[in-house]
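Report on the following structure.
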Amino acid sequence: LRIVSRLADLNLTASSRVGFVPTMGAFHAGHLRLMERAKEDNDLCVVSLFVNPTQFGKNEDFDKYPRDLDRDAMLAEEVGVDYLFAPSVSDVYPRPSTTIRVPVVTEMWEGAQRPGHFDGVATVVCKLFNMVRPQTAYFGLKDLQQCIVIKRMTEDLNMAVLLKFEPTVREADGLAMSSRNVYLSGNERQVAPLIYQELRRCRAALNVGEDVASELRRSTESLGAAGFSVDYFALVDTETMHHIEKPVINAAIIAAAKLGSTRLIDNILL
Ligand code: AMP
């Protein structure tokens, strides 16, 4: 493993196939799965570790976001990552940057809850693609809307990168792995798996033809009763992220809810 902070030290030969995994660090098994995939499919696996300030809102957790480069480097080395690219904020943003705004698919759900978030994501991913120039980039379906936003960006701007989206890696009790799970108190950690339980319950109900609106409401109420503050629990078409009334092919149930001060998101494909 080579840890590099300067783009100039990332000397990738033009002939090698590069698989790229953009991350914000605090690695867990979800990140490591993406790295393993990138390693399997390519000659070189490059992972970026950059806590991107432009995708955090003013009152979000940029300052307290978990950071531990030594631990992350050890884990990346274990799965065979070739380069860990960890640039500084001033190297990535030497001055206020040109921004990429993907229309429509950024307007609802996470985009509505977190104004500007997806502009920050699209911009940094574009910049990282231009720096690393990968053939293939790997993203987790845990962040379903982010996958759709990046897919739209690469299509709209004719970017020559192949995207691969990988299934969500979960804890034994079903909780989707997330760097933010460390914020949960012991008690909140016990309750947190209910999001995935409700996603599964709701999917099972919709798959046998139960009424969509009543099942979504039932899940929202059950999460509320357990102490969650639910931002949304919705059925969407994954092509457009639009809310839909009937299950179709490519539908997903998406959820976001706060438990105490920790905001959790998850989803399940129908
Ligand atoms: P982050 O460091 O949170 O920005 O995540 C980096 C990448 O890992 C993104 O593509 C995420 O979607 C992906 N990821 C995060 N959590 C999981 C998970 N539980 N399973 C699979 N991929 C994940």
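Give the residue, chosen from GLN146, GLN135, GLN113, that is in contact with an Asp or Glu (Cβ under 8 Å, 6 or more places away or on another chain) and either among the hydrophobic types (A, V, I, L, M, F, W, C) or touching a residue at least 40 places away in the same chain (Cβ under 8 Å) (or both).
GLN113
Considering only the range 30-41, state which residues are more than 7 Å from the ligand (Cβ to nearest atom) and out of contact with any Phe, Trp or Tyr (no Cβ under 9 Å at 6 or more places or on another chain).
LEU32, GLU36, LYS39, GLU40
Report yes if ALA122 is within 16 Å of the ligand (Cβ to nearest atom) and free of Cβ contacts under 8 Å to residues at least 60 places away in the same chain, otherwise no.
Criteria met by ALA122.
Please enumerate the residues belonging to the range 20-29 that are more than 7 Å from the ligand (Cβ to nearest atom) and without any contact (Cβ under 8 Å) to a residue 40 or more places away in the chain.
Within the range 20-29, none qualify.
Among the residues of the range 42-64, which ones are polar (S, T, N, Q), open to solvent by 10 Å² or more (accessible area, probe 1.4 Å) and near the ligand (Cβ under 9 Å from one of its atoms)?
Result: GLN55, single match.
Going through the range 201-221 one residue at a time, which ones are closer than 16 Å to LEU264 by Cα and open to solvent by 40 Å² or more (accessible area, probe 1.4 Å)?
THR220, the sole residue that qualifies.
Which condition number in (1) touching a helix residue (DSSP H, G or I) at 6+ places or on another chain (Cβ under 6 Å); (2) within 9 Å of the ligand (Cβ to nearest atom) is the one that MET131 fails?
(2)
When you look at ASP72, is it within 14 Å of the ligand (Cβ to nearest atom), open to solvent by 20 Å² or more (accessible area, probe 1.4 Å) and at pLDDT 95 or above, yes or no?
Taking the combined requirement at face value, the residue does not satisfy it.
Filter the range 241-270 down to the residues that are among the charged types (D, E, K, R) and touching a strand residue (DSSP E or B) at 6+ places or on another chain (Cβ under 8 Å) and list them by number.
GLU245, LYS258, ARG263, ASP266, listed by residue number.
Looking at the range 127-143, is at least one residue surrounded by fewer than 17 Cβ atoms within 10 Å (Cβ to Cβ) and over 30 Å from ARG17 (Cβ atoms)?
No: zero hits.
One line per residue, one yes/no per condition, for (1) basic (Lys, Arg); (2) in contact (Cβ under 8 Å) with a residue 12 or more places away in the chain; (3) out of contact with any Cys (no Cβ under 6 Å at 6 or more places or on another chain); (4) within 16 Å of the ligand (Cβ to nearest atom):
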{"position": "GLY186", "(1), (2), (3), (4)": "no, no, yes, no"}
{"position": "CYS202", "(1), (2), (3), (4)": "no, yes, yes, no"}
{"position": "VAL208", "(1), (2), (3), (4)": "no, no, yes, no"}
{"position": "LYS246", "(1), (2), (3), (4)": "yes, yes, yes, no"}
{"position": "ASP266", "(1), (2), (3), (4)": "no, yes, yes, yes"}
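The values are calculated or read from the model by the stated rules, or taken from the named source; none is laboratory data. What you see is a predicted model; the values in this text were computed from it and never measured. Please note: Cβ atoms are built from the backbone with ideal geometry, for glycine as well, and neighbour counts cover all protein chains shown. Just the protein is used for accessible areas: all its heavy atoms, side chains included, with ligands, DNA and RNA removed. Shrake-Rupley method; radii C 1.70, N 1.55, O 1.52, S 1.80 Å.
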